[in-house]
1. How large is the convex hull of the C-alpha atoms of the stretch 106-159 per residue, in Å³?
2. Please name whichever of C85, A134, I148 sits farthest to the positive end of the charge dipole of the chain, dipole taken about the Cα centre and charges placed at Cβ: Lys and Arg +1, Asp and Glu -1.
3. Roughly how many whole Å is it from the C-alpha centroid of the stretch 1-15 to that of the stretch 43-75?
4. Once you sort the root eigenvalues of the Cα gyration tensor of the stretch 24-76 as a ≥ b ≥ c, which label holds: rounded (a/c under 1.5), prolate (a/b larger than b/c) or oblate (the other case)?
5. Give the peptides 2-11, 41-50 in descending order of average Cβ contacts within 10 Å, highest first.
6. If the chain were replaced by its equivalent ellipsoid, with semi-axes equal to the square roots of 5 times the Cα gyration tensor eigenvalues, what would those be, largest first, whole Å?
7. Tell me the relative contact order for the chain as a rounded percent, counting alpha carbon contacts under 8 Å between residues six or more apart.
8. Mind checking which lysines have their Cα closer than 22 Å to the Cα of K150? Skip sequence neighbours fewer than 8 apart in that chain.
Amino acid sequence: MKGKVVVLMGSERDLEFCREIAKHLKTFGLDYTFHVASAHKTPERVLNVLKEYEKEKVVYMTVAGRSNALSAFVDAHTTKPVIACPPYSEKFSGADIISSLRVPSGIGSVVTIEPEGAAIAAAKILALENSELAKRVREYQQAKKLEIEKAEDSVKKLK
């Protein structure tokens, strides 16, 4: 069983941000699916999505701007990993991110605000039981290291 990422967005306005996450999930060859469900407006729908995947190996990724109750709500109702990846909003000068960080006791969701970081976290979680995926994560990390080494060489030549 390979596992997949279930991306829950609070509204359709989050779709473009979720597409950016999906681009990075594809880099690792991860299966994913999108759902729209709001902890505030459609909590029953959120619970139904969780029920749909309760017997599968999944990592939940929650994307909700403004007041992100979705991440904590999902985490409180599952034993699966939850990665909160709230979209940053210039409109609120980043204050909207705080609702993803300040959650009630007993909540263990992980927060990252970068789509790439969210995809890496999901890949690492699923790689715990998938050596092929672990290999892809190592290769990705190595490619990132090479980018820095090339930049170092490039900068040295500019002296």
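None of the figures in this text is laboratory data; all of them are computed from the coordinates on show. Just so you know, these numbers come straight off a predicted model, no measurement behind them. Note that each Cβ is placed from the backbone with ideal geometry, even for glycine, and that neighbours are counted across all protein chains shown.
1. Working: hull volume 5.4 nm³, N = 54.
For the stretch 106-159, the hull spanned by Cα atoms encloses 100 Å³ per residue.
2. Of the candidates, I148 comes out farthest on the positive side.
3. Result: 9 Å between the Cα centres.
4. Numbers: a/c = 2.28, a/b = 1.40, b/c = 1.62.
It comes out oblate by the Cα gyration axes.
5. Numbers: 2-11: 21.9, 41-50: 15.2.
Most protected by this proxy first, the peptides run 2-11, 41-50.
6. On the way: eigenvalues 174, 84, 32 Å².
For the chain, the ellipsoid semi-axes come out as 30, 21, 13 Å.
7. Working: 250 pairs, mean separation 36.3, N = 159.
The value is 23 percent.
8. Correct list for K150: K159.
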